[in-house]
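The structure appears right after this line, and notes come after that.
The values are calculated or read from the model by the stated rules, or taken from the named source; none is laboratory data. Owing to the predicted nature of the structure, the values given are computational and were not obtained by experimental measurement. Cβ: placed from backbone, ideal geometry, glycine included. Neighbour counts: every protein chain shown.
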Amino acid sequence: MNGSVKYRDKAAIWRAADEFRESSDLRGHDIPPIDVIYIAEVILKLDVVPLPDLFADQRIDAALLPDATGVYIDEDTYMSWEKGIRWVEQRLRFSFAHELGHYVLHQEEIAAKCFRTIGEFRQWAAAPSIYGSAEYQANEFAGRFLVPREILLSEYDQACQNLSNAEPGWRAIEGAREFIAKKVAPRFGVNYQVIETRFDHETIWTAE
Amino acid sequence: MSFGERVKELRITQKRTLRQFCLDHGHDPSNWSKIERGINPPPYDDKTVERWARQLGLKAGTEDWQDFMDQAAVARGELPKAVLGDEELLRKLPVFFRSIRGAELTEEQLDDLIQKVREAHSPGERKRKV
């Protein structure tokens, strides 16, 4: 299957994520931690199709339906949402935002492909092209959508300030970047690795 | 709009996600999703459909309530109870269906035909005939 996807640079993906988050439809639901399931189901009116063992069988929590009218979701994970199991909530939030990335960025391309199975869709989404895969673009969209830059910078500055007050030479300490990411991540309801990726891609604090 | 689409619309009107709605009312989300997508038919007993209608925010006796019950019947491949209870209307239905089959009616023509059938059974119409 042809895995080509239209070229979108980071700036284009970020712009799409920011515009989507700031759209009038999402007003009142754009403050982190963002309730992506509410946005998908109630605002976008997408169908949710709970599937038992989706994660066990495919190693994914969610997948856009081939006709982009809804989202398959691992049933156990879905029912655990908002139950206080933080790692489940973090993972599902990102997974759902990733599918919204496909929905926003790739709807026309998906419609043109007429996928019949989740497997076909995954094969297409992961296939590399010259400019990166649909999976890469959806990940970048998800990160930017869930972690708005201005709020990230504010949280980052605050966390750095707190550490500077306690230990002036903290930046030289091994693992300081990860430590800050872990401090900041709960504000956005995502795993700290998502924050580290934002630090990196948005050149806030790049990995060495 | 199909029965499933109506169920989904009513749930979204309540601003409840599938998960929240199912937790609120003790439904299985997988089965409820199938109802909304028209894969599973509505229940065959009226009591359950009435309970669903209440859960979806409809009030008994309203036009919306009756439409919901009618949509459930149609989705099950049945005639709505209100039609089944009207013997005069039932007798006319074969002619009505034959008209629809033979004529390939437009939406507008179909509405017109339905209206004529309704008028033929309204109290005012009956009075005039007497």
**Complete:** A:GLN58 passes all but one of the listed conditions (1) closer than 18 Å to A:GLN123 by Cβ; (2) in contact with a strand residue (DSSP E or B) (Cβ under 6 Å, 6 or more places away or on another chain); the exception is number (2)
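Would you mind listing the helices (runs of 4 or more DSSP H) fully within region A:133-199 where at least 3 residues are surrounded by fewer than 14 Cβ atoms within 10 Å (Cβ to Cβ) and modelled with pLDDT of 95 or more?
Details: elements: A:134-146, A:149-166, A:176-188.
It comes to A:149-166.
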**Asked** Restricting attention to region B:20-36, which residues are under 16 Å from A:LYS45 (Cβ atoms) and either at pLDDT below 95 or among the polar types (S, T, N, Q) (or both)?
**Response** B:GLN20, B:SER33
**Message:** Need the failing condition index for A:ARG27 against (1) closer than 18 Å to A:TYR103 by Cα; (2) surrounded by fewer than 20 Cβ atoms within 10 Å (Cβ to Cβ), just the number.
**Reply:** (1)
**Selection within region A:58-112 - surrounded by fewer than 17 Cβ atoms within 10 Å (Cβ to Cβ), in contact with an Asp or Glu (Cβ under 9 Å, 6 or more places away or on another chain), more than 22 Å from A:VAL194 (Cβ to Cβ) and without any contact (Cβ under 8 Å) to a residue 24 or more places away in the chain** = A:THR69
**Message:** Testing B:ARG11 on (1) at the interface with another protein chain (Cβ under 10 Å from one of its Cβ atoms); (2) closer than 20 Å to A:GLU75 by Cβ; (3) free of Cβ contacts under 8 Å to residues at least 24 places away in the same chain, one condition comes back false. Which one is that?
**Reply:** (3)
**Selection count where residues are of a type in the set (S, T, N, Q) and either over 18 Å from B:ASP64 (Cβ atoms) or more than 10 Å from chain A (Cβ to nearest Cβ) (or both), scope region B:14-26** = 2
**Prompt:** B:VAL49 versus (1) more than 9 Å from every other protein chain (Cβ to nearest Cβ); (2) over 17 Å from the mean Cα position of the chain (by Cα); (3) among the hydrophobic types (A, V, I, L, M, F, W, C): which is the lone unmet condition?
**Reply:** (2)
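Scanning region A:45-55 for residues that are surrounded by fewer than 16 Cβ atoms within 10 Å (Cβ to Cβ) and within 11 Å of chain B (Cβ to nearest Cβ), which turns out nearest to A:GLN90 (Cα to Cα)? Lay out the reasoning, then the answer.
Initially, region A:45-55 is screened for residues surrounded by fewer than 16 Cβ atoms within 10 Å (Cβ to Cβ), giving A:45, A:52-53.
Cutting the leftovers down to within 11 Å of chain B (Cβ to nearest Cβ) gives us A:45, A:52.
Working: A:LYS45: 22, A:PRO52: 20 Å.
Only one residue tops the list, namely A:PRO52.
Taking A:ALA125, is it in a helix (DSSP H, G or I), surrounded by fewer than 18 Cβ atoms within 10 Å (Cβ to Cβ) and at pLDDT below 90? Let's see the steps before the verdict.
Values: in a helix (DSSP H, G or I): yes; surrounded by fewer than 18 Cβ atoms within 10 Å (Cβ to Cβ): no; at pLDDT below 90: yes.
Criteria not met by A:ALA125.
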**Asked** Just checking, which of B:PRO29, B:PRO41 is surrounded by 19 or more Cβ atoms within 10 Å (Cβ to Cβ), under 20 Å from A:VAL49 (Cβ atoms) and not small (Gly, Ala, Ser)?
**Response** B:PRO29
**Asked** Mind checking which residues of region A:30-44 are closer than 19 Å to A:VAL190 by Cα and either more than 9 Å from every other protein chain (Cβ to nearest Cβ) or surrounded by fewer than 22 Cβ atoms within 10 Å (Cβ to Cβ) (or both)?
**Response** A:ASP30, A:ILE31, A:PRO32, A:PRO33, A:ILE34, A:ASP35, A:VAL36, A:TYR38, A:ILE39
